Each structure stands twice: as structure tokens, then as C-alpha cells.
Amino acid sequence: MTGQPARHASPQPAIVWFRRDLRLLDNPALSAALASGRPVLGAYILDRDGFFAAGGAQRWFLAGALESLSRGLSEIGVDLIIREGGEKDTILSLSRAANAAAVYWNRRYARAEIESDQQIKGHLKKSGLEAHSFNGALLREPFEIKSKTGGPYRVYTPFWNTLRAIGPGRREVGAPGPQKRITHSFSSDRLEDWRLRPTTPNWAKEFADEWRIGEQEAAGRLDAFLGGPAARYGEERNLPGIRGTSQLSPYLALGVISPLTIWNRTERAISERMIPEGEGLKFLSEIGWREFAYHLLYHNPTMPTAPLRAQFEHFPWRDDEAAFGAWTRGETGVPIIDAGMRELWRTGWMHNRVRMIVASFLVKNLLVPWQKGERWFWETLVDADPANNAASWQWVAGCGADAAPYFRIFNPVSQGEKFDPNGDYVRRFVPELARLPAAEIHAPWKAPTAIRPGDYPAPIIDLDQTRKRALEAYQSIKSAA
Ligand code: FAD
């Protein structure tokens, strides 16, 4: 990734500006740039003040994804220049310095990103450069899917039915072959100098046990999933104690694999009878939820920060720092909550079922604003995603489009008993409870004193009382609406 001493190349190069699309396979912007016949340079800009700048855990993943991208590009003769700075100034000055003829990128869908990209496009065109953008992130772009009345969808099922019926809007593009390497004189930052991986302390030391980063690894995970757990996905996707899901989310979040590649391979697995159709469709419908989240983000630009249901602006949230701190540390005294929050801290990921339970606990039992939970997840998830995270938090909080009704409040004890019946998941992440039998493990405060572990806290709240309190809080905005 270091710059190479040389002179300006001629003919003028094309720059591919990588963002959340860190891959060679099925990358429409990269393919189009290479097809233009111009020599190609890759660029990645780290804008720490950017709209969706990666949080701590995702920075760790980003380091590996950039190493892998740089290696992959280099193998085909394309150099990746990495620079830290404001994205607009950096891409404009790089394209000027490179005497580039064109800049290629894949589109983003948050309002601020769209506006920034439009501005950059305008500047490039004014300077006589071409600017080409593509859909590399979604099966269908948010403006391609319309309800019967011609507007955006707010409810998932009809959105999914439409997406299923029309299918992906483009064909997958293959990985590019070798190119003639362009000689250039651009300096690139050194990835190590960005310090994307924590050192003192290295709180991510267990991440490497969980994640191997790169396109091959993502493809391998997909194959392993389709060859195994996918056949039982409908049932096992809800059990946090086993690996019943694909764990492709961090790769999707940074674009190390494309949703179209996942879609096509899954359809093939269904047609080749590797997996039953029902299970395959269930998995594809989760990819559909990701598409729906982007649809919502595009059509509701304030979604990352403001509730989609306006009445929630007046919700009587509580500013309970002590409770929030206990939640973040996994010290609430409620086993499934603590297991989930510790899984998140140790691995950078949390099982979807448990994400729903811990989020419900935070916004309903503790009445902490969903935005605080969303921010914590953003900082600690390797798969933090601009659309999925906000949409999911709003869904759990009951204030989003097509959200779970607010009055459906998860009981973390019965959820634990139902989805982690043997307590394996809790035992893995909360070793203080490892000796408790399954019958006691989800409510240790009810266990006989003789076996109750002394080093595990009592619950910080009463689950029944806080449930009632949450319903009253909801009633207050319902009657005010
Ligand atoms: P699989 O079950 O294998 O599903 C495959 C893919 O489908 C996932 O990788 C993901 O891209 C997509 N998907 C699955 N479930 C959902 C869903 N409910 N909503 C949207 N897309 C989905 N997902 C993120 O990618 N980033 C986030 O920041 C994020 N934050 C969340 C916050 C909360 C409070 C909740 C309840 C869920 C959140 N999710 C988020 C959704 C979901 O939990 C994860 O996508 C899923 O757990 C990832 O695991 P997997 O790849 O094994 O999923």
C-alpha cells in the first residue's frame, strides 16, 4: 500500500473510490472502471468525522478488510492508495494529482451521504472529470421498489413480496483478471499508522478467534453455512447457543461480500436441493430485511437519530447512567442480558435473538432512550450498519416503521428458557453461573441459597415492576397522541 516512486502515467487513469464495498468480486464500480480501458487506481479514505465513521470494533474489522482488499487489488495489478482526511477534499485532490479522467464508486443511501456524493460529482464534472456511480450494495435500490400507490413501503411483508417477485436488478459481475500496473507517484498512508486495531488495552484480543477477514473467508463462510446450518435455519436461527446463522453480517456491513452473491448462491443451493426451499427462502428473507432497512433509511433520512413515529418524541425516557453502565458491562444480574452484552464485548457480534432481548430490556425495562443503545452497538459491533442498526433499534423500541408493538415487552427469563433451554449460551459468557443447573440458570435469584453464586449480582431491577412502568409510560404518549 506504499506509494511507488514514478512519473505520471499516460493515458489518464480512472480512480475507483472504495467505501463500504471492500471487495473485487461483484463490484460494479471496479468492473466498470476496468472495462473503460483506462489504467485504474484504487482509493480508500478514512474520514474519522464522516457520517457513519466506523466505531471501535468495526475499525478492527476494517483493518483486515483493507489489508485483504489491497492484497487482492495488487494481485491483479491495481494499487490501493489509502488516505486519512475529509472525504470531499481528499478525493478531489487525489483525482487532481493523479490527473484522473474519471472517478467510479458504488452508491450510498443515507441523505447526508447522497448529498455529499452529489456535491463531489458536481465538483468533478466542473473540473472536466467523469463521475460514474453504481449499485453495489443492494439487490434493488430504494427508489426501485414502490408500493401499489407508487410510494415507499412502511411494512415489511409487502415490500418483501415485491422484492421476491421482481428479484435483483442487475447481474453479478465476476472478479477481475490481471491488469497492466500503472506507474504513479502517489504516497499512500501506512495502514498501521491509522491504529485501527486497539493496543493499550487490546480489548479486541478475542476477536481474531472469531473472525478471519477477507473475500475468501466470506465466501467460505457462505459455503459452510449453505452446506450445513442453512438446512435447519428456520428453527436454529433463534438459538444463540449454537451456530445456526451465517455470521456474514460484518462482511456485508463493509461490503466484503455482496448481497447479490449471497442471493445467487442461495438460490442455486435451493435449486440443487442442497437446502429445502422453505429454509433457503427464510434466509433470503433476512437479506430482505437488510434491503428493507436501506429502503427505510433512504425514504426517512432522520431514521438514525429520530423516531419514525413522532409521538415517541414525547416518551418519558429516563437518564439512568448507572443502569446504562451495568447494561453495557453485562452486569445487570439478568443472565441472558449479561451473556449477550459480554458476547458483544468479547467477539464484536451478538446473536440476533439476544440483540432483541437486550434492546428491549434497555428501552423498556430501563426506559433508556433507544439512541443510547444504538450508539453503544455502533461502537461495539463489528457489523455496525448505518441502516440495519437504526432500523432494528427503532423496531424493538416500537417507534419505527412496521415496528414490534411497544406493549410487547420481552421477558428475559422466559426468553432465555425458551431459546437457551440448557443454558449453554449463558454458561459460555457468564462463567459465574456455569455450575447452575438449566432449571435455575435464567433466574439465579430464585435458586436455593446454597447454590446461588456469590459473585454474580442480584438483578438491578424488578422485571415485573419495570414492565408495568413501561406500559404506563407508553400509555402516557398514547393518550397524548
Ligand atoms: P443471518 O441470520 O445469517 O442473516 C443473514 C444476513 O441478513 C445478515 O448478515 C444481515 O445482513 C441480514 N439480516 C439478518 N437479520 C436482520 C435484521 N433483523 N435486520 C436487518 N438485516 C438482517 N445487523 C447488522 O448487520 N448491523 C447492525 O448494526 C445491526 N444492529 C442490530 C441492532 C438490534 C437492536 C437488533 C435487534 C438487530 C440488529 N441487526 C444488525 C440485525 C441482526 O441482528 C444481524 O444482522 C444478525 O444478527 C447478523 O447475524 P448473521 O449474519 O448470522 O445473520
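Listed values, structure above:
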| item | result |
| --- | --- |
| Selection from the range 243-252 of residues that are more than 13 Å from Thr347 (Cβ to Cβ) and either more than 6 Å from the ligand (Cβ to nearest atom) or in contact with a Phe, Trp or Tyr (Cβ under 8 Å, 6 or more places away or on another chain) (or both) | Gly244, Thr245, Ser246, Leu248, Tyr251 |
| Given (1) at positive phi; (2) touching a residue at least 12 places away in the same chain (Cβ under 8 Å), index of the condition Gly128 fails | (2) |
| The range 442-481, residues that are within 21 Å of Val354 (Cβ to Cβ), under 31 Å from the mean Cα position of the chain (by Cα) and assigned to a helix (DSSP H, G or I) | Leu463, Thr466, Arg467, Ala470 |
| Elements of type helices (runs of 4 or more DSSP H) contained in the range 131-236, each with 2 or more residues being over 30 Å from Pro301 (Cβ atoms) and either of a type in the set (D, E, K, R) or touching a Lys or Arg at 6+ places or on another chain (Cβ under 8 Å) (or both) | 207-210, 215-226, 233-236 |
| The range 119-141, residues that are acidic (Asp, Glu) and either crowded, with 17+ Cβ neighbours inside 10 Å or modelled with pLDDT under 95 (or both) | Glu141 |
| Within the range 381-403, tally of residues that are within 10 Å of the ligand (Cβ to nearest atom), farther than 17 Å from Asn238 by Cα and in contact (Cβ under 8 Å) with a residue 12 or more places away in the chain | 14 |
| Single condition Leu362 does not satisfy, out of (1) more than 10 Å from the ligand (Cβ to nearest atom); (2) over 21 Å from Tyr156 (Cβ atoms) | (1) |
| Of all residues making up the range 404-413, the number that are surrounded by fewer than 21 Cβ atoms within 10 Å (Cβ to Cβ) and more than 13 Å from the ligand (Cβ to nearest atom) | 5 |
| Out of Ala447, Ala443, Ala439, sole residue that is more than 16 Å from the ligand (Cβ to nearest atom), free of Cβ contacts under 8 Å to residues at least 12 places away in the same chain, surrounded by 16 or more Cβ atoms within 10 Å (Cβ to Cβ) and under 17 Å from Gly333 (Cα atoms) | Ala447 |
| Single match in Arg48, Arg96 (criterion: surrounded by fewer than 22 Cβ atoms within 10 Å (Cβ to Cβ), of a type outside the set (A, V, I, L, M, F, W, C) and either under 30 Å from Arg171 (Cβ atoms) or over 19 Å from the mean Cα position of the chain (by Cα) (or both)) | Arg96 |
| Condition met for Ala310 (at pLDDT 95 or above and within 19 Å of Ala397 (Cβ to Cβ)) | no |
| Test: residue in the range 309-321 that is in contact with a Ser or Thr (Cβ under 9 Å, 6 or more places away or on another chain), surrounded by fewer than 20 Cβ atoms within 10 Å (Cβ to Cβ) and hydrophobic (A, V, I, L, M, F, W, C) | no |
| Yes/no for Arg273 being assigned to a loop (DSSP other than H, G, I, E, B), charged (D, E, K, R) and more than 10 Å from the ligand (Cβ to nearest atom) | yes |
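Rundown of residues vs (1) closer than 17 Å to Glu141 by Cβ; (2) within 12 Å of the ligand (Cβ to nearest atom); (3) touching a residue at least 12 places away in the same chain (Cβ under 8 Å); (4) in a helix (DSSP H, G or I), yes/no style:
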| position | (1), (2), (3), (4) |
| --- | --- |
| Ile257 | no, yes, yes, no |
| Leu260 | yes, no, yes, yes |
| Lys282 | no, yes, yes, yes |
| Trp289 | yes, yes, yes, yes |
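The values are calculated or read from the model by the stated rules, or taken from the named source; none is laboratory data. Keep in mind that what you see is a predicted model, and the values were worked out from it rather than measured. Note that each Cβ is placed from the backbone with ideal geometry, even for glycine, and that neighbours are counted across all protein chains shown.
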